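Colleague: Below are the structure tokens for one structure; questions will follow.
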Amino acid sequence: MFMDLDLLAETLAALKRAPFPPGTLHTFAIKANPVGRLLQILREAGLGAEVASLGELRQALCCGFAPGRVVFDSPIKTRAELAFALRAGVRLNLDNLEELERVARLVQDDPTLLDPPPPPAPPQPAVAAGAVAAAAADHPPTRLIGLRINPQVGEGSIAALSTAGRVSKFGIPLQECRAELLAAFRRHAWLNALHLHVGSQGVPLELTVEGVAAVAELAAEVEAEAAAATAATAAAAGHSPPARQRRVLALDIGGGLPVTYGTDDVAWLLGSTAADADPEATADPGVAAASGADASGTVSVFERYARLLQQRVPAIYPAGGSSNTGAGSCGGAASNSGLLLTPPQLVTEFGRCLVAKAAFAAGRVEYTKTCGGRRVVVSGLGGDLLLRAVYLPATWPVRVELCGRGGAPKLPAATAAPPPPCSSPTPSATATPSSTPAAEAGGQDGGGEGGAGGGCVAATDVVGPLCFQGDKLAEGAPLPAAAPGDWVVVPDVGAYTLSMYSRYNSRCSPPVWAYRRVGRAGRGEEEGRAGGAEGRAAGVEAEGGGGGSGGSGGRRLALPGDWAGQVRRGGAYEFVLLRRGENVEDVMAFWNRM
């Protein structure tokens with residue numbers, strides 16, 4: 001796997017430009033990609049971490065995230081895990097009323113669990129000054145313990161990723177349990193936050209925003225009850241109501257921004273200065289709703305989301321929000337309530353949208369054959385790494401590209417005419433050498449085994465290494481001829497691929513490399529973005545055994561065409577190993593652990 005650090009940086013910049021409320025804590029959902037060195041990069045960029053298990057929590061702390069910038073969500077937390085989280089000082093969102101009572105018993109037995117969190121760790125030299133300042137500002141002075149609410153606003157197009165339907169495994173149902181939720185805040189003074197997550201891929205932004213609005217209304221009710229109680233107590237004592245801190249200190253609105261997987265276009269993600277992306281042509285209806293283009297260009301999905309929040313739930317923004325304390329105001333300060341003016345801190349939990357487009361996977365073609373009038377291309381990429389794509393291809397289709405051994409794409413550019421169709425599915429015996437930058441730089445993409453000439457297009461199955469018939473990345477796809485030594489490349493694998501890796505067949509999980517451009521030929525020049533079709537090819541070649549998505553032995557980089565083109569123009573790429581690939585001994589240790 002390869003991650004484009006330039007695209008990742010541009011994505012984070014687009015997130016930071018979006019008009020979310022001041023002081024918003026953006027966290028990264030570790031479940032999307034738990035690779036430690038990637039998490040360190042995100043931490044240094046100023047993000048917090050959202051975790052959903054003890055393992056993810058330990059990983060976040062191990063990677064240097066301050067406890068006050070770590071959010072622990074999970075539908076199941078044991079007593080030991082809850083106690084660990086409380087002692088660590090991380091933010092904690094409780095999934096249900098029974099879990100709430102479990103925490104109540106824990107803190108009753110050990111009141112020190114509610115002691116103020118430890119102070120932030122001293123800044124590390126590698127951390128940017130801005131990230132240090134953000135960490136200090138976001139370190140809460142008190143424990144932040146919230147309830148996860150199911151706003152019950154409906155589902156998106158993928159039921160398995162929609163968490164705010166009438167029935168859901170996640171959260172406390174708002175419609176049935178409103179009274180119990182208000183009572184919980186009256187009963188437990190340490191309860192001070194609310195959390196929701198409507199869903200992710202397939203969920204329109206408008207639906208997500210409706211979920212935020214519903215929980216903001218609940219927050220307003222909590223504040224109104226607290227204000228009334230404060231006023232009653234003051235009146236009984238013959239005093240005016242004192243100024244008070246708000247009851248809900250943090251509103252965690254989850255993640256859920258969908259991703260366009262069907263194209264290399266990233267204008268919907270980053271924004272653009274020209275209306276060069278059609279938001280209605282996206283692969284997912286949720287993305288179409290989240291994108292917008294006008295005369296000034298395409299608005300990034302982050303800006304679109306923030307604008308919708310500002311319009312629908314203005315009280316989560318300071319001053320510009322609602323000035324009343326009624327429903328929807330999130331407890332926005334009224335002059336007669338004594339409520340401090342600062343809105344609750346907004347927290348987000350983005351994962352997929354931050355990293356999905358920034359990575360591709362590559363596997364060596366080991367064999368090709370013809371069967372039933374169809375080409376079959378066998379590589380090391382399959383259902384172990386691309387689990388959803390193989391087991392649920394209708395819901396999670398992937399793009400499959402073929403590259404020559406030196407990295408040049410076998411298909412011509414999207415604007416060029418495709419190669420001629422084949423009269424026979426048999427691959428051509430020879431191929432014409434390519435004049436690609438890779439070939440000019442010494443990467444032999446032409447001729448013989450692994451030739452990039454590609455030959456004619458024919459229906460092709462691209463299959464993986466696992467021992468079941470359904471291990472396919474493409475079926476009957478119109479692709480040029482391939483040969484052993486070529487590469488199968490799958491874009492957009494930065495999220496929910498390696499984190500969902502399957503142990504079936506005991507294959508080795510792949511290494512993860514990061515790359516960035518350095519030198520004169522920077523991004524945006526004629527060769528285009530490195531993460532696009534020209535920049536994708538097999539970056540890792542196994543020198544001994546395995547190859548593709550696993551294998552053992554030493555590894556060396558094989559330059560893709562775009563990388564070679566960068567070098568030829570006087571620039572270069574910098575490569576960083578983010579994660580070592582497994583070897584067979586690692587796999588044996590997994591199965592034989594005692």
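The values are calculated or read from the model by the stated rules, or taken from the named source; none is laboratory data. The shown structure was predicted, so the numbers you read here are calculated from the model rather than taken from an experiment. Here Cβ is always computed from backbone atoms with ideal geometry, including for glycine, and neighbour counts include all displayed protein chains.
Colleague: Of these, Leu402, Leu466, which one is under 30 Å from Pro258 (Cβ atoms), at pLDDT below 95 and not hydroxyl-bearing (Ser, Thr, Tyr)?
Modeller: Answer to the selection: Leu402.
Colleague: Kindly indicate whether any position in region 472-490 is surrounded by fewer than 22 Cβ atoms within 10 Å (Cβ to Cβ), modelled with pLDDT of 95 or more and in a helix (DSSP H, G or I).
Modeller: Scanning region 472-490 turns up no residue that is surrounded by fewer than 22 Cβ atoms within 10 Å (Cβ to Cβ), modelled with pLDDT of 95 or more and in a helix (DSSP H, G or I).
Colleague: Here is a follow-up. Being in contact with a strand residue (DSSP E or B) (Cβ under 8 Å, 6 or more places away or on another chain), in contact (Cβ under 8 Å) with a residue 24 or more places away in the chain and part of a helix (DSSP H, G or I) narrows it down to one residue among Leu38, Leu92; which is it?
Modeller: Leu38
Colleague: In addition: Residues of region 163-205 being crowded, with 24+ Cβ neighbours inside 10 Å and closer than 16 Å to Glu225 by Cα, which ones?
Modeller: Ala193, Leu194
Colleague: Could you identify the single residue in Glu50, Glu10, Glu99 that is crowded, with 24+ Cβ neighbours inside 10 Å, among the acidic types (Asp, Glu) and either within 30 Å of Ala315 (Cα to Cα) or without any contact (Cβ under 8 Å) to a residue 12 or more places away in the chain (or both)? So that I can check it myself, show each step before the final result.
Modeller: Details: Glu10 fails: crowded, with 24+ Cβ neighbours inside 10 Å; Glu99 fails: crowded, with 24+ Cβ neighbours inside 10 Å.
Within the list Glu50, Glu10, Glu99, the selection yields Glu50.
Colleague: For region 60-84, how many residues are part of a helix (DSSP H, G or I), aromatic (Phe, Trp, Tyr) and buried (at least 24 other Cβ atoms within 10 Å of the Cβ)?
Modeller: 0
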